[in-house]
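Enquirer: One structure coming up, written as structure tokens, with questions to follow.
Here, each number is a calculation from the coordinates, and none is a lab measurement. Model, not experiment: these values are computed from the prediction. Positions of Cβ are generated from backbone atoms using ideal geometry, with glycine treated the same way; all protein chains shown enter the neighbour counts.
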Amino acid sequence: MEQRDTLLKGVRPEIKSINKTAQALDIEMFQNRTLRPILKFQNDLLLAIYKQYIAQYKDAFYELNELKKPDYINHSLKANHAFRNLMIGTVIGLFSAEEYLSYAPQSSVINKRIISMLVQRFQDQLPLLNQRFSV
């Protein structure tokens, strides 16, 4: 198990702009040390999963104007529970055992953060999402 944890942490990108103040809440520290690097590492996969979601719903996303697409992203990640759980699982799957033990007691709060971070990440990458999914 230790080897897996070491390997997982070793492949994550380092995020240099993390605020490491002593006053940071535990949840913020978890977000900055664990969630941000995992989301950055998984970005291409997360985008591919989201594009597949768009295709599954008959490409309705592409019919929207640019002002409505951020709302579509927000709604899809918050209202579709199966899809939401898939995205959360894609992140949690890269937790170390120690990180999972920190996550478990506050999973509800951390899941909300994961979804909020994904919404923001996808909204910031709209040009990439506007490219139709291709296999």
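Enquirer: With the crude spin-label approximation of a point 7 Å out along Cα→Cβ, what separation in nm comes out for Ala55 versus Glu98?
Expert: Each label point is offset 7 Å from its Cα along the Cβ direction, giving 3.9 nm.
Enquirer: Still on this model: Hey, with R₀ at 22 Å, roughly what FRET efficiency would Leu67 and Ser116 work out to, going by the Cβ-Cβ distance, to 0.05?
Expert: Between Leu67 and Ser116 the formula returns 0.60.
Enquirer: Leaving out same-chain residues fewer than 8 places away, which lysines sit with a Cα under 22 Å from that of Lys9?
Expert: Lys20, Lys40
Enquirer: Remind me, relative contact order of the stretch 33-129 in percent, using alpha carbon pairs under 8 angstrom and six or more residues apart?
Expert: Reported relative contact order: 39 percent.
Enquirer: Starting from one equal scatterer on each C-alpha and no solvent at all, send me the Debye-based log10 I(q)/I(0) for the chain at q = 0.12, 0.15, 0.18 Å⁻¹, two decimals.
Expert: -0.51, -0.77, -1.05
Enquirer: Also, quick follow-up: Each label point is 7 Å from the Cα along the Cα-to-Cβ direction; what then is the distance between the points at Glu28 and Asn85, in nm?
Expert: In this crude spin-label approximation the distance works out to 3.3 nm.
Enquirer: Taking 0.36 nm per residue of sequence separation and subtracting the Cα-Cα distance, how much length would be gained by fully extending the chain between Glu2 and Arg132, in nm to one decimal?
Expert: Full extension of this stretch gives 42.8 nm more.
Enquirer: In the structure displayed, which of Lys16/Lys58; Lys51/Lys112; Lys16/Lys69 lie more than 28 Å apart, Cα to Cα?
Expert: From the list (Lys16/Lys58; Lys51/Lys112; Lys16/Lys69), the Cα-Cα distance tops 28 Å for Lys16/Lys58; Lys16/Lys69.
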